[in-house]
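Take a look at the structure below.
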Amino acid sequence: MLLAGLLLRNVPYVMDAVFIDAHWSAALRNIALSIILTRAGLGLDPSALSRLKAVCVRLAVGPCVLEACIVAVVSHFLLGLPWVWGFILGFVLAAVSPAVVVPSMLLLQRGGYGVEKGIPTLLMAAGSFDDVLAITGFSSCLGVAFSTGSTWMNILKGLLEVVGGVLAGLILGLFLSWFPSADQEDLVLRRTVLLLGLSVFSVFFTHVLGFAGAGGLCTLVLAFLAALGWKADKAPVAALVGRAWDVFQPLLFGLIGAEIAVAALSPSTVGLGLACVGLGLVVRLLATFLLVHFGGFNLKEKVFISVAWLPKATVQAAIGSKALDMAREEGDETLIKYGLDVLTVAVLAILTTAPIGAMGIGLAGPRLLGRQVKADDAEGGATVPSSNGIGPEKVSVRLESRL
């Protein structure tokens, strides 16, 4: 899907025949993002989340901050960016992509991979906080670079995004858990429409208010609380939301690919930019591996979590060009050059990490994670005799994949 969008934007004659309006592209990507986060909220396991809350915080904060700092230092010396612009680039690259991680985690969760340790829930929850932190750091550094408000006000705004997003999600989630009432007709359809409608509204409304990071958190929390209220009845709603994702998935990845103009890439910065991305990823891998060390995971699971924390696409496509747009408004040629460097490296990060991360999760998941399935769902439909001698009974077994 990424490659299809890339071809639409860069193949001669095709790029002239296909026009993609920038505002429509951004709107469709935001709708797709709200559907992804809704699916993530519905897929969260409350018991696993409670058990892994400390690991979740470490995973959301540590790799993001460390990668941002390393990229800032490397880009300062390799690309010649000023320190504040180095941190702008660092926070652009530090965000993990929910567009890649969440669907992959849901597929693994459906297959029973990593469910016993709560790994899919951990990665989906930590990914949302990781993005909020990266966007907050980016906005703060952008404010310093263009002197739009004080640094402390930008940091306070980031904290308000987190608190406001969680509170709004709690209110809307409690509303959805009670309304519509269970005695209404077409209950599943009504719940799905309300859930998706409020999720899309949250993302767009917070974007208009200038608190873009709050919308994603609000969507995640409201879907999670609604699912808690629905209990076993959430499965058909999740299935309908999955159908909506089938429609918007190609739009999201295709439009992200269409954001990349190969002709706009500066050859002089491509090699150095790849070096910045590569060093940042190495630090992210090592930091992730070490920070989940005390979470009760074995070696294979820690390796998988590290690999799953690599892909970048959604946030980079959303904010990668923002610094360049502001530099063009200023009309300063030096700032425009810095903005182009940030955009170029963000594009390189998408091109390299999104497909590699998606393939890495898909290939490594079944090989590195333990699988928990019911015995009658296993191949061959095996059952085990019951202990009371009356007949076979269903039990849960754990199948460990071998390398």
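Table for the structure above
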| item | result |
| --- | --- |
| Residue within the stretch 129-136 that is of a type in the set (Asp, Glu) and buried (at least 21 other Cβ atoms within 10 Å of the Cβ) present | yes |
| Residue within the stretch 83-99 that is open to solvent by 50 Å² or more (accessible area, probe 1.4 Å) and either touching a strand residue (DSSP E or B) at 6+ places or on another chain (Cβ under 6 Å) or assigned to a helix (DSSP H, G or I) (or both) present | yes |
| Condition met for residue 176 (open to solvent by 50 Å² or more (accessible area, probe 1.4 Å) and in contact with a helix residue (DSSP H, G or I) (Cβ under 9 Å, 6 or more places away or on another chain)) | no |
| Only one of 212, 232, 238 that is open to solvent by less than 60 Å² (accessible area, probe 1.4 Å) and either at pLDDT below 85 or under 21 Å from residue 26 (Cα atoms) (or both) | 212 |
| Number of positions in the stretch 3-14 that are under 21 Å from residue 354 (Cβ atoms) and part of a helix (DSSP H, G or I) | 8 |
| Selection within the stretch 101-116 - open to solvent by 50 Å² or more (accessible area, probe 1.4 Å), out of contact with any Gly (no Cβ under 7 Å at 6 or more places or on another chain) and not aliphatic (A, V, I, L, M) | 110 |
| Every residue from the stretch 177-200 that is within 17 Å of residue 220 (Cβ to Cβ) and modelled with pLDDT under 90 | 177 |
| Residue in the stretch 15-35 that is part of a helix (DSSP H, G or I), over 12 Å from residue 255 (Cβ atoms) and open to solvent by less than 40 Å² (accessible area, probe 1.4 Å) present | yes |
| Condition check for residue 75: at pLDDT below 80, out of contact with any His (no Cβ under 6 Å at 6 or more places or on another chain) and polar (S, T, N, Q) | no |
| Candidate set: the stretch 299-334, residues that are under 24 Å from the mean Cα position of the chain (by Cα) and polar (S, T, N, Q); chosen: the one surrounded by the most Cβ atoms within 10 Å (Cβ to Cβ) | 314 |
| Only listed residue being hydrophobic (A, V, I, L, M, F, W, C) and more than 16 Å from the chain's Cα centre (by Cα), chosen from 22, 95 | 22 |
| The stretch 241-280: number of residues that are touching a residue at least 12 places away in the same chain (Cβ under 8 Å), open to solvent by 30 Å² or more (accessible area, probe 1.4 Å) and within 26 Å of residue 39 (Cβ to Cβ) | 5 |
| Wholly within the stretch 254-343, helices (runs of 4 or more DSSP H) carrying at least 2 residues that are touching a Pro at 6+ places or on another chain (Cβ under 6 Å) and more than 29 Å from residue 4 (Cβ to Cβ) | 267-291 |
| Yes/no for residue 204 being crowded, with 19+ Cβ neighbours inside 10 Å and either of a type in the set (Phe, Trp, Tyr) or more than 24 Å from residue 67 (Cα to Cα) (or both) | no |
| Residue 79 vs. criteria more than 29 Å from residue 109 (Cα to Cα) and either touching a strand residue (DSSP E or B) at 6+ places or on another chain (Cβ under 6 Å) or open to solvent by 10 Å² or more (accessible area, probe 1.4 Å) (or both) | yes |
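To keep it simple, each residue is scored yes or no on (1) under 22 Å from residue 140 (Cβ atoms); (2) touching a Ser or Thr at 6+ places or on another chain (Cβ under 7 Å).
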residue: 9; (1), (2): no, no
residue: 23; (1), (2): no, no
residue: 31; (1), (2): no, no
residue: 34; (1), (2): no, yes
residue: 49; (1), (2): no, yes
residue: 66; (1), (2): yes, no
residue: 74; (1), (2): yes, no
residue: 77; (1), (2): no, no
residue: 101; (1), (2): no, no
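The values are calculated or read from the model by the stated rules, or taken from the named source; none is laboratory data. All values derive from a computational prediction rather than experimental measurement. Counting neighbours? That spans all protein chains shown, and the Cβs are built from the backbone with ideal geometry, glycine included. Calculation scope for accessible area: heavy atoms of the full protein, side chains included, ligands and nucleic acids excluded. Shrake-Rupley method; radii C 1.70, N 1.55, O 1.52, S 1.80 Å.
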